[in-house]
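S.K.: First, the structure itself, so that you have it in front of you.
Bear in mind that the values in this text are calculations on the coordinates, not laboratory data. None of these values were measured; they are calculated from a predicted model. Neighbour counts run over all protein chains shown; Cβ positions are idealised from the backbone, glycine included.
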Amino acid sequence: MNELKIAVIGCGMIGREHIERIQNRIRGASVVAVCDVFEEGAKKGAAIAGEDVRVFTDFNEAINAPDVNAVVVTTPGQFHKDPILAAIKAGKPVFSEKPLANTAADGKEIVDAEMASGKHLVQVGFMRRYDRGYNQLKALLAEGKFGAPLVLKCTHRADGVADDYSTAMAVTDTAIHEIDVLPWLVDDEWDEVQCIMPKTSAKAHEGLKDPQIMIMKTKSGIVTVLEVNVNCGFGYDINCEIVCENGVMNLPCPSFPTVRFDHNVSTKIEDNWILRFIDSYDVEIQDWVDHALKGEAGGSSAWDGYVASITADALVKSQTSGVPEKVVTGGTPDFYKK
Ligand code: ISE
């Protein structure tokens, strides 16, 4: 294979972002088919992809089209499983936007199908593994002079959320990024997780518990305290401080000019996640293409995606139980050991 000819399944906001990215900035790949259950949606995707692209409303037809040799799944998470299984069945590499699936049960079906196929076909779109700052932290940790990481203090703050954002989504849609990237960062696995509900912000819509504090412990005993706060009102603010035995390191934030104006000294905070991680998305999709062309998968595997869903299920359980819940994965199968 010397070029990926991609069918994009799901032409919502992130689907359209990836279509634009693949057509304009990615080497070795082009979008040849777009699909959305809503024809209007598919047409919006096609308008970005260009005139030669074929438009589908049935994902099976798009995935099995003879000119398609790779698949990007950007439907809402609860609809990821079926197109991913169809791509595995067709033996075509598939990039699934995060999360792999909304439930661990769906994730397990995907992992089982991929193992049965005998090929690594699935990559999950956890873009933070491609973020420059997280990679700099990982490299610093690998130097060894900081000693072992002991405590991670993180924030995941967003300006605001849509009315259909639920209490569970603070885990399944938002904290899911830290659930994936932090064990990768410190080379460990989650052991138990707990969610504590502080006083709810008056800005949270009816029924939404926000902020939430997630306390997550790894198998080696590293403790993460994560503040998810999606109505902060001042921008998209991702922080990660790693307290190690011999020193402390902080995730670099995107740099903006420091300005002096009107008796204030200030620095901008990024507006939203698309802008904050835009470079990571480019690097991630290029890495997927490069791996897929060699018959490999990079980034987060289907197993990583499945483990993230198991962890998310445990945190969602803790949202109501209030107590720490165990993360039980049954151990990494040989197929996924790196
Ligand atoms: C999105 O995928 C993100 O990357 C944001 O960090 C998160 O706040 C949002 O809820 C997700 O949908």
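S.K.: How many residues are in contact (Cβ under 8 Å) with a residue 60 or more places away in the chain and surrounded by fewer than 19 Cβ atoms within 10 Å (Cβ to Cβ) if we restrict to segment 208-218?
M.R.: Number of matching residues: 3.
S.K.: Shifting gears a bit: If you scan segment 182-207, which residues turn out to be within 15 Å of the ligand (Cβ to nearest atom), hydrophobic (A, V, I, L, M, F, W, C) and surrounded by fewer than 21 Cβ atoms within 10 Å (Cβ to Cβ)?
M.R.: As a first pass, look at segment 182-207 and keep what is within 15 Å of the ligand (Cβ to nearest atom): 182, 204-205.
Next, from what is left, pick out any that are hydrophobic (A, V, I, L, M, F, W, C): 182, 204.
ALA204 - this is the single residue of segment 182-207 that is within 15 Å of the ligand (Cβ to nearest atom), hydrophobic (A, V, I, L, M, F, W, C) and surrounded by fewer than 21 Cβ atoms within 10 Å (Cβ to Cβ).
S.K.: All but one of (1) away from the ligand (no atom under 11 Å from the Cβ); (2) of a type in the set (D, E, K, R); (3) within 23 Å of ASN272 (Cβ to Cβ); (4) in contact (Cβ under 8 Å) with a residue 12 or more places away in the chain hold for ARG157; state the number of the condition that does not hold.
M.R.: ARG157 satisfies all of (1) away from the ligand (no atom under 11 Å from the Cβ); (2) of a type in the set (D, E, K, R); (3) within 23 Å of ASN272 (Cβ to Cβ); (4) in contact (Cβ under 8 Å) with a residue 12 or more places away in the chain except (1).
S.K.: So VAL94 passes all but one of these: (1) surrounded by 23 or more Cβ atoms within 10 Å (Cβ to Cβ); (2) within 16 Å of the ligand (Cβ to nearest atom); (3) aliphatic (A, V, I, L, M). Which condition number does it fail?
M.R.: VAL94 satisfies every listed condition except (2).
S.K.: Which pairs turn up if I take residues in segment 234-248 that are on the phi > 0 side of the Ramachandran plot and look for partners that are more than 13 Å from the ligand (Cβ to nearest atom) and assigned to a strand (DSSP E or B) with beta carbon separation below 8 Å, at least 6 apart in sequence or on another chain?
M.R.: Matching pairs, first to second residue: none at all.
S.K.: Another question, if that's okay. Out of ILE14, ILE48, ILE110, ILE88, I need the residue that is more than 16 Å from the ligand (Cβ to nearest atom) and within 19 Å of VAL289 (Cα to Cα). Which one? It would help to see each step written out before you state the result.
M.R.: Details: ILE14 fails: more than 16 Å from the ligand (Cβ to nearest atom); ILE48 fails: within 19 Å of VAL289 (Cα to Cα); ILE110 fails: within 19 Å of VAL289 (Cα to Cα).
Within the list ILE14, ILE48, ILE110, ILE88, the selection yields ILE88.
S.K.: Among the listed residues GLU114, GLU109, GLU61, which satisfies the condition of being among the acidic types (Asp, Glu) and either farther than 30 Å from ASP334 by Cα or in contact with a Cys (Cβ under 9 Å, 6 or more places away or on another chain) (or both)? Break it down into steps so the answer makes sense when it comes.
M.R.: Values: GLU114 fails: either farther than 30 Å from ASP334 by Cα or in contact with a Cys (Cβ under 9 Å, 6 or more places away or on another chain) (or both); GLU109 fails: either farther than 30 Å from ASP334 by Cα or in contact with a Cys (Cβ under 9 Å, 6 or more places away or on another chain) (or both).
None of the others qualify; the one that does is GLU61.
S.K.: For segment 282-338, which residues satisfy the criterion of being touching a residue at least 60 places away in the same chain (Cβ under 8 Å), among the small types (Gly, Ala, Ser) and not in a helix (DSSP H, G or I)?
M.R.: Within segment 282-338, GLY295, ALA297, GLY298, GLY299, SER300, SER301, GLY322 qualify.
S.K.: Let me spell it out: the conditions are (1) closer than 24 Å to THR155 by Cβ; (2) within 16 Å of the ligand (Cβ to nearest atom); (3) surrounded by 19 or more Cβ atoms within 10 Å (Cβ to Cβ), and LEU275 meets all of them except one. Which number is the exception?
M.R.: (3)
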